[in-house]
1. Mind pulling the angle between the C-alpha long axis of helix 588-600 and the longest principal axis of the chain? Nearest 10 degrees, somewhere in 0 to 90.
2. Which distance in Å, rounded to a whole number, links the C-alpha centroids of the stretch 426-487 and the stretch 151-213?
3. Would you mind checking the tilt of helix 390-403 against the longest principal axis of the Cα atoms of the chain, expressed as 0 to 90 degrees and rounded to 10?
4. Output the 0 to 90 degree angle, nearest 10, between the alpha-carbon long axis of helix 113-126 and the longest principal axis computed from the alpha carbons of the chain.
5. Can you pull the three principal axis extents for the Cα set of the stretch 50-117, in Å, largest first?
6. Working from the pairwise distances between different alpha carbons, so that the mean of 1/r is found and then inverted, what is the stretch 228-378's Kirkwood radius in Å?
7. Where does the stretch 224-311 land on the Kirkwood hydrodynamic radius, alpha-carbon pairs, in angstrom?
8. Heavy atoms only, probe 1.4 Å: what % of the accessible area of the stretch 251-404 goes to carbon and sulfur, would you let me know?
Amino acid sequence: MIDYKSELNNEQLRVVTAEAGPMLIIAGAGSGKTRALTYRTAWLIEQGVPPDRILLATFTNKAARSMLSRVERLVGEQARLVWGGTFHSLGNRVLRRHARRLGYEGNYSIMDREDARQLVSAAVMEAGITTKSEKFPRSDRLMEMISLAANTSIPLDVLVGDRYPSAVPFLTDILKVAFRYRLRKSELNVMDFDDLLVKWRDLLVEHSDVREEYARKFEHILVDEYQDTNVIQANILELLSSFHRNIMVVGDDSQSIYSFRGADYSNILGFPDRYEGARIFKLETNYRSTPPILNLANLSIVNNRRQYRKQLRAVRQGGVRPVYAALADALEQADFVAQRIIEIVEEGVPLNETAVLYRAHHHSMELQMELVRRGIPFVVRSGIRFFEQAHVKDMTAFLRIAVNPFDELAWKRVLGLFGGIGRVRANAIWKLLAGSDDPRRFVFSRELEEGLTKAVQPGLRDLRDMLRILFESAETDQPWNVIERVIAGGYGTFLQSRYDNRRSREDDLRQLAAFSRNFDSLDEFLSDLALMASLDEDDEVSLKERKEPKVVLSTIHQAKGLEWSVVFMIRCSEGAMPLARALREPGGVDEERRLFYVAATRAKDRLYLCHPVIEGNRGGWGRPCEPSRFIRELIHGNAAEAGTPFEQWVIDRD
């Protein structure tokens, strides 16, 4: 028998041994929620509940495997009978038995994202829709719309109007594609990942005998990360728990940060209303962070109005106060972070125990360059390295052509961006350009036009329009303005047609433009980028050989659930954290504050909040940049009564 009293704290013990019935467990960051779920499952089995009548739903396969293996260590092999897994895997298990009720065969195939994208592309063609317009959504964007509509239960036409205004003129065709996509899935006996939830819910709603079978079967339902559930998952849980009403959901409303994926914050807030007689437990004992770090996190999140109030309490003692560093600009911020990392390593903290967190991927650009310059190994968890991104490479290819008209690789990359010009035609066009005295003039010649087929002409016209803007601005403008003019002159439209995150990619390019203000000419700017890329490549080779630990660079979203000894939060500026466009969304301010809270609570020992005073780099240009409202709240708000929760450094090396 397990000695629960010796292995759990009092908060966890109350949760694990609570009487049956609906329960909401508000589990603060670092409070041992996984331990509580694991021991609750073991306790139920020890109390005589058959393991196969327990359902344990998680959001990742890793979490499911971890919990079930822990339960097995506690109670033995019988734990393998527990119905445990992700929502999608559990849905698939049920649907395999009952697929025919929904017009599918039990041997249906499950499409991955690429399979689904290809089927959407086929649906576009089969619906007879012409996609010659560069503004018509690409297949991956159409897939995103269809998926989000499924996960939020928002009608597709309403969702497009609310979240994809640029696609509204194509709404009729988008609805045709969605209809054809659904039809083809049924004909081919295939489901996408969203279907595993949608069809599961439909099965339970439309077939009362199936609903009653599973509602009676599962005596106890346990759910991890409940704050991340969408409306479909919440509905499924309601249906499955309708007989025994023994449902325990564990989550932290203060860490609900995935509304962009369809997570519904109201699920956790409205749990007591949905389940009459529900009891609320709180896990507030934090095993991760020092008291000063938790003090800052508590004082920040208290400003959210709609929440379950809690106060994280540290098990650990001592610790240093977080640091708020106001830096002159983004480059000074990068210098500061890199220097502190070196000093922290000298103090004995391994590189992989340090993380730099930010709200958006492009916020790390200057820091990536500074780390490469100093030879500090790092890994980017928020995506590929800044200068390796396709849109950044596209832009630098345009700039390289303006500087060196015989840059074959740059020409071929640029040519491949335009409709009707594939790899073969790009090679053919390049041969014509290379044979001329000046490719920049020859690209506008009638001779080139006459040497190409009609299929290439529209793409050639678009290419010429953009190159005309590029070459004119490159003669007189500074690098930053050349980049801005290329974006406005057509590349922004190209991004909209090709990528589902156009705004984010435009932000990246404007950040590139901001960085280029440090250079007087395109030649100087491109030379510096080339040297940086070379250093970056050499560093990666040596890292593979040495397998050394690396500093982690990550968006806050990617960092959720992780922890480090030292955490730097950069770009703690109004407009960057919180992100300006997020503030336009309903509930955006509160969710951005939750992101700030999540980032702060990743730190175990030391926390740095960094804020560039000027939006820009060296040279004194740009606008003054206010510190994040979340920092101002800590200085001037309710927190001020207890004293500012951080040590403030004002650093200006100029």
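The values are calculated or read from the model by the stated rules, or taken from the named source; none is laboratory data. Bear in mind the structure is a predicted one, so any value in this text is a computation, not a measurement. FYI the Cβ positions are ideal-geometry reconstructions off the backbone, even for glycines, and counts take in every protein chain you see. Note: areas computed on protein heavy atoms with side chains; ligands, DNA, RNA excluded. Shrake-Rupley method; radii C 1.70, N 1.55, O 1.52, S 1.80 Å.
1. Tilt relative to the chain: about 80 degrees.
2. Comparing the Cα centres of the stretch 426-487 and the stretch 151-213, I get a distance of 43 Å.
3. Between helix and principal axis, roughly 10 degrees.
4. Value to nearest ten degrees: 60.
5. Here the spans come out as 41, 27, 14 Å, largest first.
6. Answer for the stretch 228-378: a Kirkwood hydrodynamic radius of 19.3 Å.
7. Details: mean 1/r = 0.0692 Å⁻¹.
Every distinct Cα pair counted, the radius reaches 14.5 Å.
8. Details: 2670 of 5560 Å².
Carbon-and-sulfur percentage of accessible area, whole number: 48.
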